[in-house]
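Asker: What follows is a single structure, and I will ask about it in a moment.
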Amino acid sequence: MKEIIRKSVFKVSPYVAGKPIEETKRQLGLKEVIKLASNENAYGPSPKALSALKKSLSMINRYPDAQGFYLKRRLAKEFGLVAENFVLGNGSDELIDVVMKTLLEPDENIVTSEATFLEYEIIAQVLDRQVKKAPLRYFKYDLGAMLKLVDKKTKIVFIANPNNPTGTYVTKFELADFLDALPEKVVVVLDEAYDTFIDVDDYPDSLSYLRRRKKVVILRTFSKAYGLAGLRLGYCIAPQELAAYFERMRQPFNVNLLAQVAGLAALDDRDFLKKTRRLTLVEKDFIYRELSKLGLAYVPSVANFILVDVERNGVDVFKALLKFGVIVRDMQQYGFKNFIRVTIGTRNENERFIRVLRKVLKEKK
Ligand SMILES: *Cc1c(COP(=O)(O)O)cnc(C)c1O
């Protein structure tokens, strides 16, 4: 079959997802498995979204609204914008694809960072477009180094803010300087999947750049704080003209009926969002303290996950934790050999993670 496959397909390195709970139970014969591997919401889905879903189940013989009218209108109200500023996606992953398909000519490239969200590079590979990556600096995006990579053929810069898997962020001052120095035609995609968890004062107000007519596209998702990862729903906020071109490039029914209903209800679930944020911040401190007691260093995070230096092979630690029913993420694909990434869970889950980690580290001295 190889000879009939398009050449660029061989360059694609497939995305490796967090290991699913059911698969782990099946493969290792375990009863109790916890997953702290995909930065999902540990407190479940939004209850308001759940009850709206239950009411809508009998509607799924119908196609979804191809325009996402109610959800876009609700989002516009949320941000003081108009519906035409929004494009909905089957997760924000799909919108990364749509943005690239809309903007990149065959000879044009994207600029991003090493050790960042892998989908930027994978989707560029699928579309056979070049990717230029600057190394991180002290686990942070190095915007200065990225600026140097921008050339005549650069059309898009992708910034995960905060970055996954490091949990670090680009400050409003760093971003302002970067945007000022960037050539006019370059579009900056700010991927803000973890915006709800931010607890610092110098995080950029990305919408202000949009209002000042900068070429920025903001990506947000319902997969993390809203607890709807399984439904696949994300959106982008973009200048109206740009959003209209993105609309042209997506599938007509890319966002399913249940996702639209759930997203609409979740936006009204302020209590759930507040609770998620509050507990995540409390639990983050708990894990920090426990890691310090174990003598382990970590990268301070503004998101709902922590990159931990385990001082020995991270894949070995990942596998050892797995045997005790704790799924985390090894960092081999990101080039962090001695690290794991752990998602902040419930107190019970976090205690179990620390208990098992302590045991595993003793064995793997
Ligand atoms: C989790 C995550 C997303 C969200 O992807 P969805 O497709 O919306 O589930 C996007 N960007 C980053 C950096 C992420 O970590």
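The values are calculated or read from the model by the stated rules, or taken from the named source; none is laboratory data. None of the values given here were measured: they were computed from a predicted structure. Here the Cβ positions follow ideal geometry from the backbone for every residue, glycine too, while neighbour counts run over all protein chains shown. In case anyone asks, the SASA skips ligands and DNA or RNA and just uses the protein heavy atoms, side chains included. Shrake-Rupley method; radii C 1.70, N 1.55, O 1.52, S 1.80 Å.
Asker: Quick one: which of 128, 65, 107, 97 is touching a Pro at 6+ places or on another chain (Cβ under 9 Å) and either among the hydrophobic types (A, V, I, L, M, F, W, C) or in contact (Cβ under 8 Å) with a residue 12 or more places away in the chain (or both)?
Answerer: Sole residue among the options that is touching a Pro at 6+ places or on another chain (Cβ under 9 Å) and either among the hydrophobic types (A, V, I, L, M, F, W, C) or in contact (Cβ under 8 Å) with a residue 12 or more places away in the chain (or both): 128.
To keep it simple, each residue is scored yes or no on (1) closer than 22 Å to residue 5 by Cα; (2) of a type in the set (Ser, Thr, Tyr); (3) open to solvent by 40 Å² or more (accessible area, probe 1.4 Å).
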{"residue": "106", "(1), (2), (3)": "yes, no, yes"}
{"residue": "110", "(1), (2), (3)": "no, no, no"}
{"residue": "133", "(1), (2), (3)": "no, no, yes"}
{"residue": "145", "(1), (2), (3)": "no, no, no"}
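Asker: Could I ask something else about it? In the list 193, 181, 225, 229, which residue meets the criterion of being away from the ligand (no atom under 12 Å from the Cβ) and small (Gly, Ala, Ser)? Spell out how you get there, then give the answer.
Answerer: On the way: 193 fails: away from the ligand (no atom under 12 Å from the Cβ); 225 fails: away from the ligand (no atom under 12 Å from the Cβ); 229 fails: away from the ligand (no atom under 12 Å from the Cβ).
It is 181.
Asker: For segment 20-36, name all the residues that are open to solvent by 40 Å² or more (accessible area, probe 1.4 Å) and either on the phi > 0 side of the Ramachandran plot or within 16 Å of the ligand (Cβ to nearest atom) (or both).
Answerer: Matches in segment 20-36: 20, 29, 35.
Asker: For residue 288, are the conditions met, namely being in contact (Cβ under 8 Å) with a residue 60 or more places away in the chain and either open to solvent by 10 Å² or more (accessible area, probe 1.4 Å) or out of contact with any helix residue (DSSP H, G or I) (no Cβ under 9 Å at 6 or more places or on another chain) (or both)?
Answerer: Values: in contact (Cβ under 8 Å) with a residue 60 or more places away in the chain: no; either open to solvent by 10 Å² or more (accessible area, probe 1.4 Å) or out of contact with any helix residue (DSSP H, G or I) (no Cβ under 9 Å at 6 or more places or on another chain) (or both): yes.
Judged against the criteria, residue 288 is not a match.
Asker: Could you look through segment 232-254, keep only residues that are assigned to a loop (DSSP other than H, G, I, E, B), more than 18 Å from residue 82 (Cβ to Cβ) and away from the ligand (no atom under 11 Å from the Cβ), and pick out the one that is least open to solvent (accessible area, probe 1.4 Å)?
Answerer: 254
Asker: Right, something else. Please go through segment 127-164 and give me each residue that is under 21 Å from residue 97 (Cβ atoms), within 16 Å of the ligand (Cβ to nearest atom) and not charged (D, E, K, R), ordered by number.
Answerer: Selection gives 131, 156, 157, 158, 159, 160, 161, 163, 164.
Asker: Would you pick out the residues in segment 104-118 that are away from the ligand (no atom under 14 Å from the Cβ) and either over 22 Å from the mean Cα position of the chain (by Cα) or among the hydrophobic types (A, V, I, L, M, F, W, C) (or both)?
Answerer: 104, 105, 106, 107, 108, 110, 111
Asker: Additional query: Going by what's in this entry, would residue 51 be described as under 30 Å from residue 239 (Cβ atoms), part of a helix (DSSP H, G or I) and in contact (Cβ under 8 Å) with a residue 60 or more places away in the chain?
Answerer: The answer is no for residue 51.
Asker: On the given criteria, is residue 39 touching a residue at least 60 places away in the same chain (Cβ under 8 Å), within 15 Å of the ligand (Cβ to nearest atom) and polar (S, T, N, Q)?
Answerer: When the stated conditions are applied, residue 39 passes them.
Asker: Then there is this: So in segment 168-178, with the set limited to residues that are among the aromatic types (Phe, Trp, Tyr) and under 24 Å from residue 124 (Cα atoms), which one is farthest from the ligand (Cβ to nearest atom)? Quick ask: steps written out before the conclusion?
Answerer: Step one: filter segment 168-178 for residues among the aromatic types (Phe, Trp, Tyr), giving 169, 173, 178.
Next, only the ones that are under 24 Å from residue 124 (Cα atoms) stay: 169, 178.
On the way: 169: 12, 178: 18 Å.
If we take residues in segment 168-178 being among the aromatic types (Phe, Trp, Tyr) and under 24 Å from residue 124 (Cα atoms), then 178 is farthest from the ligand (Cβ to nearest atom).
Asker: Let me ask something else about it. What is the residue count in segment 266-293 for residues that are among the aliphatic types (A, V, I, L, M) and touching a Lys or Arg at 6+ places or on another chain (Cβ under 6 Å)?
Answerer: 1
Asker: Still on this model: Regarding segment 325-332, can at least one residue be identified that is under 22 Å from residue 13 (Cα atoms) and surrounded by fewer than 22 Cβ atoms within 10 Å (Cβ to Cβ)?
Answerer: Yes, segment 325-332 contains at least one residue that is under 22 Å from residue 13 (Cα atoms) and surrounded by fewer than 22 Cβ atoms within 10 Å (Cβ to Cβ).
Asker: Suppose we filter 126, 170 for residues that are open to solvent by 20 Å² or more (accessible area, probe 1.4 Å) and not small (Gly, Ala, Ser); which single one remains?
Answerer: Answer to the check: 126.
Asker: Right, another one. On the given criteria, is residue 282 more than 30 Å from residue 62 (Cβ to Cβ), within 24 Å of the chain's Cα centre (by Cα) and without any contact (Cβ under 8 Å) to a residue 12 or more places away in the chain? I'd like the intermediate steps shown before the answer.
Answerer: Details: more than 30 Å from residue 62 (Cβ to Cβ): yes; within 24 Å of the chain's Cα centre (by Cα): yes; without any contact (Cβ under 8 Å) to a residue 12 or more places away in the chain: yes.
So residue 282 passes the test.
Asker: Okay, next question. Can you tell me which residue among 71, 88 is within 16 Å of the ligand (Cβ to nearest atom) and outside any helix (DSSP H, G or I)?
Answerer: Result of the check over 71, 88: 88.
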